[in-house]
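Student: Sharing a structure below in structure tokens format, with a few things to ask.
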Amino acid sequence: MQPIISISGLAKTYDSGFVALKGVDLDIRPGEIFALLGPNGAGKTTLISIVCGLVRPSAGQVTVAGHDIVRDYRAAREMIGLVPQELTTDSFETVWNTVSFSRGLFGRPPDPAHIERVLKDLSLWPKKDSKLITLSGGMKRRVLIAKALSHEPRVLFLDEPTAGVDVELRRDMWQLVRRLRDTGVTVILTTHYIEEAEEMADRVGVIARGELILVEDKATLMRKLGGKQLTLQLARPLAQIPPALAHYGLSLAKGGREILYRYEAEREETAIVDLLQELGAAGIGFADLHTTQRSLEDIFVSLVAEPDAAEAAEAGKQP
């Protein structure tokens, strides 16, 4: 399957000398929800802006559905809908007029039926004749999404789509994104809400300091890096871990009343059965047990940690 977006060797250095992107390579699959995660200043917005033709790259190539964003700008841009992070709208225009006007900007003929469907999908239909200045922040963000969908793009970029939106509206937008994906629209979103990526994304990319440091299917990422922990609540407190169990890397917690066993999620969990058998043979009984798994947020934090900070943390662990 050919990628809908292909990014190769993409780099951007601004006139100030700031290096925003360093040789980014990325293919986006048709009809997927791709979450791009990264801290502030990591290069997320620069990457989106280049793909959408708003910023010129210093090096590299980007194609959208086979159209080069520099040589064939108009055809590439017609494929894309962009919902920016900033709430930039014509405050004194009505919802209907501003969405219809956006469609015309891309040279598409009037289609009131399509505009009506978009507004109804976004729960904006009752507000179609309202001026934007009268809308709440959440409703204004919905209008931005409606504008981005007005010309029926094949790719939709959502830059922090639920920033400043309450929980209920956020859930509504998640449902809308899934419906768009089901109709074949490719959705690329940046977000600070890790649970948003964990809830919706098919694949996850992590960018830090201008470099794409990881791209992985979400399920595979959680399986590879989502380390698990088994907690055993002991029947009687334990003063120390028996030497015969040292190869498990166990640790004691809560004054010796718990044993913690950490293992990688992709490892065979038969190791737990072996552990329990060896504990029984050592005369160590337990009253209860439960497992927990690292969240996507835990993985993200570990991946984007500053090297100096990570090294300092490791140094602090040394005796």
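All of the numbers you see were taken from the coordinates with simple rules; none came from a lab. No experiment lies behind these values; they were computed from the predicted model shown. Neighbour counts are summed over all protein chains in view; Cβ atoms, including those assigned to glycine, are modelled from backbone coordinates with ideal geometry.
Student: Count the DSSP beta bridges whose two residues both fall in the range 5-223, then state the antiparallel fraction as a percent rounded to the nearest 5. Write down the numbers at each step before the final one.
Tutor: Working: 20 of 37 bridges.
Expressed as a percentage, antiparallel bridges in the range 5-223 total about 55.
Student: Could you tally the net charge around residue 257, taking each other residue with its Cβ under 13 Å from the Cβ of residue 257, Lys/Arg +1 and Asp/Glu -1? Mind dumping the intermediate values first?
Tutor: Details: positive: 236, 254; negative: 258, 288.
Here the count lands on 0.
Student: Going by average Cβ density within 10 Å per residue, which order do the peptides 43-49, 278-284 take, highest to lowest? Could the numbers behind the result be given before it?
Tutor: Details: 43-49: 22.9, 278-284: 13.7.
Put in order of decreasing packing, that is 43-49, 278-284.
Student: Calculate how large, on average over all directions, the projected area of the Cα convex hull of the range 47-89 is; give the answer in nm² to one decimal. Write down the numbers at each step before the final one.
Tutor: Numbers: hull surface 13.5 nm².
The number I arrive at for the range 47-89 is 3.4 nm².
Student: Read phi for every residue in the range 11-19 and hand back ³J(HN,Hα) as whole Hz from Karplus 6.51 cos²θ - 1.76 cosθ + 1.60, θ = phi - 60°, with x for Gly and Pro.
Tutor: 3J(HN,Hα) across the range 11-19, in whole Hz: 9, 8, 10, 7, 4, 5, x, 5, 8.
Student: Can you give the Rg to Rh ratio of the range 5-223, both from alpha-carbon atoms, with Rh computed by the Kirkwood formula?
Tutor: Values: Rg = 17.1 Å, Rh = 17.8 Å.
Using only Cα positions, Rg/Rh for the range 5-223 is 0.96.
Student: Further, regarding this structure: Taking 0.36 nm per intervening residue step and subtracting the Cα-Cα distance, what contour gain separates residue 129 from residue 202 on full extension?
Tutor: Values: separation 73, 0.36 × 73 = 26.28 nm, distance 3.65 nm.
Difference between extended and current length: 22.6 nm.
Student: Something else about it: What list do you get for 204, 215 if you sort them by fewest beta carbons within 10 Å?
Tutor: On the way: 204 24, 215 17.
Least to most surrounded, the residues fall as 215, 204.
Student: Spin-label point model (7 Å from Cα, Cβ direction): what's the residue 231 to residue 75 distance in nm?
Tutor: Placing both labels 7 Å along Cα→Cβ, they lie 5.8 nm apart.
Student: Name the residue farthest towards the positive end of the dipole of the range 227-293 from the options 280, 241, 255, assuming +1 on Cβ of Lys and Arg, -1 on Cβ of Asp and Glu, about the Cα centre.
Tutor: 255
Student: Within 10 Å of each residue's Cβ, count the other Cβ atoms and sort 206, 51 from fewest upward. Intermediate results must be reported in sequence, preceding the final value.
Tutor: Working: 206 23, 51 26.
Placing the least packed residue first, the sequence is 206, 51.
Student: Could you put 130, 16 in order, starting from the residue whose Cβ has the fewest other Cβ atoms within 10 Å? Please report the intermediate quantities before stating the final value.
Tutor: Working: 130 15, 16 6.
The most exposed by this proxy come first: 16, 130.
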